[in-house]
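Note sheet for the following structure.
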Amino acid sequence: MADITEIKDEKPAAGAGAGPEASNGSHRTAAHTHIKGLGLDGTGVAKAVEGGFVGQVEAREACGVIVDLIKAKKMSGKAILLAGGPSTGKTALALAISQELGPKVPFCPVVGSELYSVEVKKTEALMENFRRAIGLRIKETKEVYEGEVTELTPEDAENPLGGYGKTISHVVVGLKSAKGTKTLRLDPTIYESIQREKVQVGDVIYIESNTGAVKRVGRSDAYATEYDLETEEYVPLPKGEVHKKKEIVQDVTLYDLDLANSRPQGGQDVVSMMGQLMKPKKTEITEKLRLEVNKVVAKYIDQGVAELVPGVLFIDEVNMLDIEIFTYLNRALESNIAPVVVLASNRGMTTVRGTEDVVSPHGVPPDLIDRLLIVRTLPYTRDEIRSITERRAKVENLDVSPETLDLLADLAMQTSLRYVLQLLSPAGILAQTLGRQQIIPTDVEEAKSLFLDAKTSTQVLQASANYL
């Protein structure tokens, strides 16, 4: 039993009434920061420009149908192939599918080459990612302390072993709910859990009374004015008293359960076991252990305590997989517990890796191709490229003149869309160096002279025999 003591008649915690502090986050962008969803209307028809997408109407509508099938739990054990040339939005479509499904549905993205490791077998690495993409939603009623953290103060004590070091004797945590506040004195072991959850003042958490397990629910919505680049999840102030009985919904994956059972850390239930999970050494998990975990999961589901949530496993550059992994993938798709598998390839007729004479579309064996739903992505038109460039510039807070957008669109038709998008930031820096906020064509031309595209680089190599 965890040691949790309520502190009575204390003065209000320092900062309990303080408002949220401003956050000075710098603006960072990734390759697909602008993707917010598939951009479909209520009837499943794709809008020409919506959700960060431009064009690819048929592919987006097809992915919308796939999302509906996943939500209806009619896609488990099936696979989809996104096929198209480079820079046609395959990875963006996969990310949009995950955003349409919501944060509670597991989404596990990997690249084909990631499955090759010196630590574990390639088939084992594939199965690990399979299990990561299958969620389990567990519901239990527990006695908890829940509220917004108003104080978080670790108390030091002299090291009982002597020396000059200090140890944490206990930690004082202030919690606030809609109906009151409490100040708790917690075990140092609970403080370790708080640190693992990265809890700070202003977060909404709950602490289980019997085990001391700590769960961070999210950031209090009083802090929603903060500029947060990590898409923080904001939650309302908990209702009721701080100390209460609560139905706890814990989302874990089957891989989490495999890992926890391969290195048991104690605890009397699945949720507590997950709360005490430490980072283990990389070892293979046996098939026997997985079968035992599946039996326990099946028992939880039969009792109505848990619900299986098949997620999405996205494998990019699927042509990098070899015939052994493809054979194993075929068997894994036929198992009783399997996620939806989304594959992506930018290859045409290609020899299947691991064979010498098997040439198949997209580098995928014919027996697996036969069971795939294939979604095709098409090259972008000039107008679509111009629109994509304009929207990407807005995401990066860059002011680009209309003439520059026309120049970039023409340049993308000669080189590639990725090259043009990569020129935006350097061109912005060059414009600022000259004291301008707006990017004009001369900035793009200078950036183009500094950074070569793939075709120009290839021509330089072909023309210079002694280049390397």
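The values are calculated or read from the model by the stated rules, or taken from the named source; none is laboratory data. This is a predicted model, so every value here is computed, not measured. Reconstructed Cβ throughout: ideal geometry from the backbone, glycine too, with neighbour counts over all protein chains shown. Ligands, DNA and RNA are stripped out before the accessible areas are found, and what is left, the full protein with its side chains, is counted by its heavy atoms. Shrake-Rupley method; radii C 1.70, N 1.55, O 1.52, S 1.80 Å.
Among all residue pairs at least 6 apart or on different chains, which show Cβ distances below 7 Å where the first residue, located in the range 69-95, is aliphatic (A, V, I, L, M) and the second is open to solvent by 50 Å² or more (accessible area, probe 1.4 Å) and in a helix (DSSP H, G or I)? Once the first residue is aliphatic (A, V, I, L, M) and sits in the range 69-95, its partners that are open to solvent by 50 Å² or more (accessible area, probe 1.4 Å) and in a helix (DSSP H, G or I) give 75/69.
Of the strands (runs of 3 or more DSSP E) lying entirely inside the range 308-392, those containing at least 3 residues that are of a type in the set (A, V, I, L, M) and out of contact with any helix residue (DSSP H, G or I) (no Cβ under 7 Å at 6 or more places or on another chain) span 372-376.
The single condition from (1) open to solvent by 40 Å² or more (accessible area, probe 1.4 Å); (2) modelled with pLDDT of 85 or more; (3) hydroxyl-bearing (Ser, Thr, Tyr); (4) under 29 Å from residue 104 (Cβ atoms) that residue 141 fails is (2). Sub-9 Å Cβ pairs linking a first residue in the range 123-152 that is closer than 27 Å to residue 199 by Cα and of a type in the set (Gly, Ala, Ser) to a second residue that is open to solvent by less than 10 Å² (accessible area, probe 1.4 Å) and part of a helix (DSSP H, G or I), at least 6 apart or interchain, are 133/254; 135/254, ordered by first then second residue. Might you check whether a residue that is open to solvent by 70 Å² or more (accessible area, probe 1.4 Å), at pLDDT 90 or above and part of a helix (DSSP H, G or I) occurs anywhere in the range 393-403? Yes, some residue in the range 393-403 is open to solvent by 70 Å² or more (accessible area, probe 1.4 Å), at pLDDT 90 or above and part of a helix (DSSP H, G or I). When the range 190-212 is filtered for residues that are of a type in the set (Val, Ile, Thr), touching a Leu at 6+ places or on another chain (Cβ under 8 Å) and more than 22 Å from residue 178 (Cβ to Cβ), only 194 remains. Given (1) surrounded by fewer than 14 Cβ atoms within 10 Å (Cβ to Cβ); (2) within 21 Å of residue 87 (Cβ to Cβ), identify the lone condition not met by residue 461. The single condition residue 461 does not satisfy is (2). Here residue 463 passes the criteria (1) touching a Ser or Thr at 6+ places or on another chain (Cβ under 7 Å); (2) free of Cβ contacts under 8 Å to residues at least 60 places away in the same chain except the one numbered (1).
Residues in the range 415-455 that are touching a residue at least 40 places away in the same chain (Cβ under 8 Å) and within 18 Å of residue 86 (Cβ to Cβ): 415, 416, 417, 418, 455. For the range 359-369, indicate whether the set of residues that are in contact with a strand residue (DSSP E or B) (Cβ under 9 Å, 6 or more places away or on another chain), open to solvent by less than 20 Å² (accessible area, probe 1.4 Å) and closer than 30 Å to residue 442 by Cα is non-empty. No: the range 359-369 contains no residue that is in contact with a strand residue (DSSP E or B) (Cβ under 9 Å, 6 or more places away or on another chain), open to solvent by less than 20 Å² (accessible area, probe 1.4 Å) and closer than 30 Å to residue 442 by Cα. Hey, could you check the range 102-113 for residues that are open to solvent by 60 Å² or more (accessible area, probe 1.4 Å) and modelled with pLDDT under 85 and say which is nearest to residue 308 (Cα to Cα)? Taking the candidates together, the pick is 104. Of the residues making up the range 179-199, those that are more than 22 Å from the chain's Cα centre (by Cα) and either on the phi > 0 side of the Ramachandran plot or open to solvent by 50 Å² or more (accessible area, probe 1.4 Å) (or both) are 179, 180, 181, 182, 185, 189, 192. Among the residues making up the range 59-88, those that are open to solvent by 20 Å² or more (accessible area, probe 1.4 Å) and among the small types (Gly, Ala, Ser) are 62, 72, 76, 85, 87.
Annotation note: Cβ proximity below 8 Å between a residue of the range 34-59 that is free of Cβ contacts under 8 Å to residues at least 12 places away in the same chain and among the hydrophobic types (A, V, I, L, M, F, W, C) and a residue that is loosely packed, with under 15 Cβ neighbours inside 10 Å and assigned to a loop (DSSP other than H, G, I, E, B) (sequence gap 6+ or interchain) occurs for 57/48.
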